[in-house]
Amino acid sequence: MSRIKLHDNYFKPFITAHRIAETVAAMAQQIKKDLSDDEVPVFVGIMNGSFVFTADFIRVYEGNCEVSFVKLASYEEDRSTGTVKRLFGLDENLEGKTVIILEDIIDTGTTLEEIYEIFRDKKLKQLKIATLFFKPDVFRKGLPIDYIGISIPDKFIVGYGLDYNGLGRNLTNVYQLTTKKMTNIVLFGPPGAGKGTQAEILKKKYNLIHISTGDVFRFNIKNETELGMLAKSYMDNGDLVPDKVTIDMLEAEVDKNPDANGFIFDGFPRTEDQAKALDTFLAKKEEGINGMVALEVPEDLLVERLLERGKTSGRPDDQDEEKIRNRFNEYNTKTAVLQQYYEAQSKYYGVNGVGSIDTVTGRLSEVIDKL
Ligand code: AMP
């Protein structure tokens, strides 16, 4: 699941369809248990929001029942207006019957008050209220609610029958309004420029997810996965792993973190095709790359750094000058062109990568703070 856009707002995944189904089933079971065996309740769904809940509920309710709807509207855009209009009501005679209201959500309780009002003079045997979602922090009415599915914080939600200005009722999962767009940074630079070191610091500072494609490959090699086997021969020689493999893997890593504030991409993209794939993939989520921040370090210094790192990193591609030179060759022929790719979008920011770790972090932060 990833975040979605409805009208001009973004919503992040909040409650899965699976959890909702479990909750609805548990509510149906409890309600059935609480009624006498021969009771035939009338379930009344409150339109529009509860049409999905009502439809799912009655199909997991194991017993005879009747179903009806009342249409009320209480929301204007994403704020509760406090005024409830009764749009159409019940025409059947409910005298002596057990009515169980099925609400999608109860927040301030204004709608609930209206419901009690509507049924006050109907001479029911009993009236019970069941709500799938409940916002305890804003409920003001002190009226009884008999069954609560899931209590949630006071944030606007959409999906599973609930809408945002008309949209989103058909979503099977429930999403929560989020104001933020992601911050996505490509941390760029030749092998040994210090991307990994800086990414570790920056991810904490900016609360971002760090994805290093090299690290993911090495993890897979260590665990002897299919992906690891595939990548190993390329990596050991300092060649790039084929685009298709790398792009699929990267997308899977991003999708593992739907709630992220954003990502630091370290070692990706490394080819123009990867950069294009990343743009397309993020655009589908209404997201994009904020900037490419590139660590600029002279090549001689890089070889020195890599050979030094090779003494302790255990990486075969760090230990042999020829393999290191091949990695630079790959970088210069396939990867360096990405500078132009991002420059063309006015998203390239070069940063001097020579200096202490703190100094370089300071320079990077100056750029990132403005993105
Ligand atoms: P790194 O840890 O970033 O230096 O990456 C080590 C090796 O992993 C590279 O030399 C490639 O063989 C492979 N690799 C990492 N990222 C990519 C990528 N975006 N495209 C292709 N190969 C990659």
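The values are calculated or read from the model by the stated rules, or taken from the named source; none is laboratory data. All values derive from a computational prediction rather than experimental measurement. Note: ideal-geometry Cβ built from the backbone for every residue, glycine included; neighbour counts use all protein chains shown.
Quick notes on this one:
Matching residues to (1) more than 23 Å from D137 (Cα to Cα); (2) part of a strand (DSSP E or B); (3) in contact with a strand residue (DSSP E or B) (Cβ under 8 Å, 6 or more places away or on another chain); (4) away from the ligand (no atom under 16 Å from the Cβ):
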{"position": "R169", "(1), (2), (3), (4)": "yes, no, yes, yes"}
{"position": "T172", "(1), (2), (3), (4)": "yes, no, yes, yes"}
{"position": "Q176", "(1), (2), (3), (4)": "no, yes, yes, yes"}
{"position": "L187", "(1), (2), (3), (4)": "yes, yes, yes, no"}
{"position": "P191", "(1), (2), (3), (4)": "yes, no, no, no"}
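- Sole residue being part of a helix (DSSP H, G or I) and under 22 Å from the mean Cα position of the chain (by Cα), chosen from L278, L371: L278
- Residues of the range 246-266 that are of a type in the set (A, V, I, L, M, F, W, C) and surrounded by 16 or more Cβ atoms within 10 Å (Cβ to Cβ): I247, M249, L250, V254, A260, F263, I264, F265.
- Where K33 falls short, out of the listed (1) modelled with pLDDT under 95; (2) part of a helix (DSSP H, G or I): (1)
- Filter pass, N326 being farther than 30 Å from N257 by Cβ and at pLDDT 90 or above: yes
- Helices (runs of 4 or more DSSP H) contained in the range 284-353 and holding at least 1 residues more than 37 Å from the chain's Cα centre (by Cα): 299-313, 321-330
- The residue pairs whose first member lies in the range 260-288 and is under 17 Å from N207 (Cα atoms), whose second member is surrounded by fewer than 17 Cβ atoms within 10 Å (Cβ to Cβ) and of a type outside the set (D, E, K, R), and whose beta carbons are closer than 6 Å, counting only pairs six or more residues apart or on different chains, are N261/N207.
- Of residues in the range 176-212 being touching a helix residue (DSSP H, G or I) at 6+ places or on another chain (Cβ under 8 Å) and free of Cβ contacts under 8 Å to residues at least 60 places away in the same chain, the one surrounded by the fewest Cβ atoms within 10 Å (Cβ to Cβ): I209
- Residues within the range 312-344 that are free of Cβ contacts under 8 Å to residues at least 40 places away in the same chain and either more than 16 Å from the ligand (Cβ to nearest atom) or hydroxyl-bearing (S, T, Y) (or both), tallied: 6
- Put simply, of L94, L127, L143, L171 the only residue that is modelled with pLDDT of 90 or more, surrounded by 13 or more Cβ atoms within 10 Å (Cβ to Cβ) and either within 31 Å of the chain's Cα centre (by Cα) or in the same structural domain as L250 (by TED's automatic domain parsing) (or both) is L171.
- The requirement of being at pLDDT 95 or above, under 32 Å from the mean Cα position of the chain (by Cα), assigned by TED's automatic domain parsing to the domain that holds G262 and closer than 27 Å to K5 by Cβ is satisfied by L187.
- Scan of the range 195-246 for residues that are assigned to a helix (DSSP H, G or I), touching a Ser or Thr at 6+ places or on another chain (Cβ under 8 Å), farther than 17 Å from M292 by Cα and within 12 Å of the ligand (Cβ to nearest atom), ordered by number: D243, T246
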